[in-house]
Amino acid sequence: MSNSSQVRAAFELATEQYASQGVDVTTALERLSRVAISVHCWQGDDVAGFEGQAGTLGDGLAVTGNYPGRARTASELRSDLEIAYSLIPGKHRLNLHAIYGEFAGPVDRDEIGVEQFQGWIDWSRDRNIDLDFNPSYFSHSKASDGFTLAHADAGIRQFWIDHGIACRKIAAAMGAAQGNACVNNFWVPDGYKDTPASRKAPRERLANSLDAIFAEQLPRHQTLDAVECKLFGIGSESYVVGSHEFYLGYAISRNKVLCLDAGHFHPTEVISDKISSALMYVPELLLHVSRGVRWDSDHVVTYSDELQSIMQEIVRGEFLDRVHIGLDFFDASINRVAAWAIGTRNALKALLAALLEPTETLRRFEREGDLTARLALMEEQKTMPLGAVWNHYCESSGAPVGAEWLEKVRQYENDVTASRCDASVMA
């Protein structure tokens with residue numbers, strides 16, 4: 001049999017096996033095909049951006065590794081992204097940071113506009129890839145002391161408020177152009193390395209700054225405002241202004257999207273346990289699916305227990321229409337295109353596994369108090385033929401099956417990225 005025939009035969013057997021558990025594989029695949037993962041642009045260039053200041057990454061961020069071939073221009077980044085998307089089944093989005101505009105000359109963060117992102121808007125329309133956005137509150141002289149929107153200096157605060165306002169207008173323009181809401185996520189690094197004398201004052205300033213940014217009501221069908229919490233960061237080990245409690249309260253009281261990053265909590269905390277609670281009080285969630293290893297190190301997403309739990313919670317809670325799934329990792333120790341492929345394919349694979357659960361049967365066992373059957377069936381799911389269904393989905397979507405994608409990455413590396421040389425890549 002040809003490889004395609006083997007994939008088809010395995011899929012047919014898997015369909016029968018799932019049907020014996022009351023699961024309709026066709027329905028699961030249809031639901032999966034409607035989910036668009038927001039792929040993060042910053043994996044492609046080590047969060048350097050295109051402001052002409054490569055190598056200045058800081059203010060709570062660091063990229064490790066020096067694998068050759070990082071994108072140095074918007075054209076190179078778009079080329080790399082197109083290869084990555086070709087390796088991933090389904091139709092997905094792109095998440096841009098404000099530092100990725102195309103700047104013909106010096107433009108400070110408080111003065112950026114749609115014109116710096118028109119090239120991305122045109123590209124997204126031509127490739128049918130919708131956009132999400134983020135203000136960039138880092139790697140800037142006005143963030144060098146670790147504070148932006150919570151800064152004690154009113155002038156510096158106003159600079160960053162103006163940056164946020166400008167970014168909201170850009171996001172709204174993106175949403176208007178693509179016909180659906182551009183999720184605009186606000187993360188700020190503000191915090192202290194050592195114990196503060198006042199935890200209250202910076203949080204009051206941050207809340208006031210955010211209120212000023214969000215004062216203008218923009219159409220929700222064009223842009224959705226999201227706010228992202230963090231436990232600690234480099235240079236803010238003792239105190240982060242925008243903690244989980246701060247942003248949970250802010251999102252609830254201001255009707256904002258709450259962003260939960262898988263690496264932004266204590267190593268023993270998991271965001272899967274927070275999803276159902278948060279969605280009782282906030283309208284929608286944005287998830288930054290990452291992999292923290294002992295701290296917020298943003299490792300490439302692997303098929304881990306927590307990744308599976310995140311996707312299970314989304315499906316079991318019937319939250320697919322209220323959760324935006326995005327990725328957030330940056331690894332310069334391996335091929336960057338491969339990192340996108342590995343992380344995004346794993347996120348989709350875990351979501352498929354959740355969609356292939358006999359969810360209603362599990363709920364019925366739980367309602368009836370048959371916890372033995374609930375546990376038994378959950379455990380049996382772990383050896384169901386997920387791989388056969390996944391391979392079929394990849395093939396039917398025109399994406400490589402199994403590890404075939406790796407050869408395409410190697411060929412692209414030989415033909416394109418190996419010729420790039422940039423000594424500014426951080427080691």
Output the number of the condition that I161 fails; it satisfies all remaining conditions of (1) assigned to a loop (DSSP other than H, G, I, E, B); (2) of a type in the set (A, V, I, L, M); (3) surrounded by 18 or more Cβ atoms within 10 Å (Cβ to Cβ). (1)
Residues of the stretch 307-346 being among the small types (G, A, S) and over 18 Å from M384 (Cα atoms), which ones? G317, G326, A332, S333, A338, A339, A341, G343
Of the residues that make up the stretch 175-191, is at least one in a loop (DSSP other than H, G, I, E, B), of a type outside the set (F, W, Y), in contact with a Ser or Thr (Cβ under 9 Å, 6 or more places away or on another chain) and over 27 Å from I314 (Cβ atoms)? yes
Counting only residues that are in a loop (DSSP other than H, G, I, E, B) and either of a type in the set (D, E, K, R) or closer than 15 Å to A339 by Cα (or both), the stretch 90-112 contains a total of 3
Which one of L327, L351 is crowded, with 17+ Cβ neighbours inside 10 Å, farther than 27 Å from E76 by Cα, modelled with pLDDT of 95 or more and in contact with a strand residue (DSSP E or B) (Cβ under 8 Å, 6 or more places away or on another chain)? L351
Would you pick out the residues in the stretch 5-49 that are in a loop (DSSP other than H, G, I, E, B) and at negative phi? S20, Q21, V23, D24, R34, V35, A36, I37, D45, A48
Any chance G52 is on the phi > 0 side of the Ramachandran plot and surrounded by 16 or more Cβ atoms within 10 Å (Cβ to Cβ): no
Can you confirm whether the stretch 139-147 contains a residue that is under 19 Å from the mean Cα position of the chain (by Cα), in contact (Cβ under 8 Å) with a residue 12 or more places away in the chain and either within 30 Å of A399 (Cβ to Cβ) or surrounded by fewer than 22 Cβ atoms within 10 Å (Cβ to Cβ) (or both)? no
It is to be established whether one or more residues within the stretch 228-237 are among the small types (G, A, S), surrounded by fewer than 18 Cβ atoms within 10 Å (Cβ to Cβ), more than 20 Å from L258 (Cβ to Cβ) and free of Cβ contacts under 8 Å to residues at least 12 places away in the same chain. no
Yes or no: D321 farther than 14 Å from N346 by Cβ and at pLDDT below 95? no
Of the conditions (1) surrounded by fewer than 24 Cβ atoms within 10 Å (Cβ to Cβ); (2) not in a helix (DSSP H, G or I), S75 clears all except one; give me its number. (2)
Being farther than 23 Å from K230 by Cα and touching a Gly at 6+ places or on another chain (Cβ under 6 Å) narrows it down to one of A173, A181, so name that one. A181
In the set A84, A62, the lone residue that is among the hydrophobic types (A, V, I, L, M, F, W, C), closer than 23 Å to D298 by Cα and surrounded by fewer than 17 Cβ atoms within 10 Å (Cβ to Cβ) is A62
Scan the stretch 173-185 residue by residue and report those that are closer than 14 Å to L96 by Cβ, among the hydrophobic types (A, V, I, L, M, F, W, C) and surrounded by fewer than 24 Cβ atoms within 10 Å (Cβ to Cβ). A173, A177
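The values are calculated or read from the model by the stated rules, or taken from the named source; none is laboratory data. These figures come from a predicted structure and were not determined experimentally. Methodologically, a virtual Cβ is constructed for each residue, glycine included, from the backbone with ideal geometry; neighbour enumeration extends over all protein chains shown.
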